[in-house]
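Asker: Here it is: the structure, laid out below.
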Amino acid sequence: MVTQATTRLKTKYVDEVAPRLREKFDLRNVNQQPSLEKIIVNVGVGKVLENQKLKPDVRDTVISTLTTITGQKPVMILAKKSVANFKVREGAPSAFMVTIRRERMWGFLDRLINFATPRIKDFRGLSRKSFDKGGNYGMGLTEQAVWPEIDMGRVSFIHGMHINFVIANSDPAKSLFLLEELGMPFTNENSNR
């Protein structure tokens with residue numbers, strides 16, 4: 001599933017973004033430069049449990065959505081412990097997760113930047129404050145309809161998803177620069193968001 005878009009974004013990183021990163025942050029060794037390691041897509045299903053069992057239509061919709069947008073079959077994550085307030089029991093399904101690496105990761109990122117984020121309702125840019133100390137970035141989508149591959153006429157359950165970008169050898173400033181150079185649509189710096 002290697003496409004021109006996949007090689008285009010990876011080539012941009014290698015030829016343009018990496019040299020700018022080394023120059024801006026005075027990184028003398030190539031191994032010091034930040035690099036996108038993997039992207040993790042997660043859909044929580046704990047809220048839709050019925051008698052500690054996942055409805056088949058919900059399960060099928062989530063699996064179908066994640067498989068379509070990532071090109072990989074998701075893994076079901078089970079609850080590690082019981083939480084009475086959330087009516088979750090140990091061993092009950094709580095989420096579906098996909099970890100994307102290498103060529104599929106670059107293709108997913110390209111589609112996210114160029115197709116999915118422009119289709120978000122009332123979109124004003126992604127938050128600049130969602131970085132952790134290690135420079136990893138997290139964002140959420142409220143519904144799967146932003147992906148052009150998803151046929152909403154066939155979907156029985158609308159769900160959101162959380163997307164984490166794991167960036168090696170980084171901190172928030174380097175990761176922000178890296179993602180901005182790759183084309184991530186962040187809010188303006190003077191915005192209050």
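The values are calculated or read from the model by the stated rules, or taken from the named source; none is laboratory data. This is a predicted model, so every value here is computed, not measured. Virtual Cβ from ideal backbone geometry, glycine too; neighbours counted across all protein chains shown.
Asker: Looking at the range 91-111, which of its residues are aliphatic (A, V, I, L, M) and either under 22 Å from Thr7 (Cβ atoms) or out of contact with any helix residue (DSSP H, G or I) (no Cβ under 9 Å at 6 or more places or on another chain) (or both)?
Answerer: Step one: list which residues in the range 91-111 are aliphatic (A, V, I, L, M), which gives 92, 95, 97-98, 100, 105, 109.
Selection gives Val98, Ile100, Met105, Leu109.
Asker: Please work out if Ile158 is touching a residue at least 60 places away in the same chain (Cβ under 8 Å), assigned to a loop (DSSP other than H, G, I, E, B) and closer than 29 Å to Asp57 by Cα. Steps first, please.
Answerer: Numbers: touching a residue at least 60 places away in the same chain (Cβ under 8 Å): no; assigned to a loop (DSSP other than H, G, I, E, B): yes; closer than 29 Å to Asp57 by Cα: yes.
So Ile158 fails the test.
This table checks each residue for (1) surrounded by 13 or more Cβ atoms within 10 Å (Cβ to Cβ); (2) closer than 25 Å to Ala18 by Cβ; (3) free of Cβ contacts under 8 Å to residues at least 24 places away in the same chain.
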{"site": "Thr68", "(1), (2), (3)": "yes, no, no"}
{"site": "Lys80", "(1), (2), (3)": "no, no, yes"}
{"site": "Glu90", "(1), (2), (3)": "no, no, yes"}
{"site": "Phe96", "(1), (2), (3)": "yes, no, no"}
{"site": "Arg111", "(1), (2), (3)": "yes, yes, no"}
{"site": "Tyr137", "(1), (2), (3)": "yes, yes, no"}
{"site": "Leu141", "(1), (2), (3)": "yes, no, no"}
{"site": "Ala145", "(1), (2), (3)": "yes, no, no"}
{"site": "Ala168", "(1), (2), (3)": "yes, yes, no"}
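Asker: Scanning the range 48-81 for residues that are assigned to a loop (DSSP other than H, G, I, E, B) and at pLDDT 75 or above, which turns out farthest from Ile150 (Cα to Cα)?
Answerer: Only one residue fits best here, namely Lys81.
Asker: On the given criteria, is Lys129 in a loop (DSSP other than H, G, I, E, B), under 30 Å from Arg22 (Cβ atoms) and free of Cβ contacts under 8 Å to residues at least 60 places away in the same chain?
Answerer: yes
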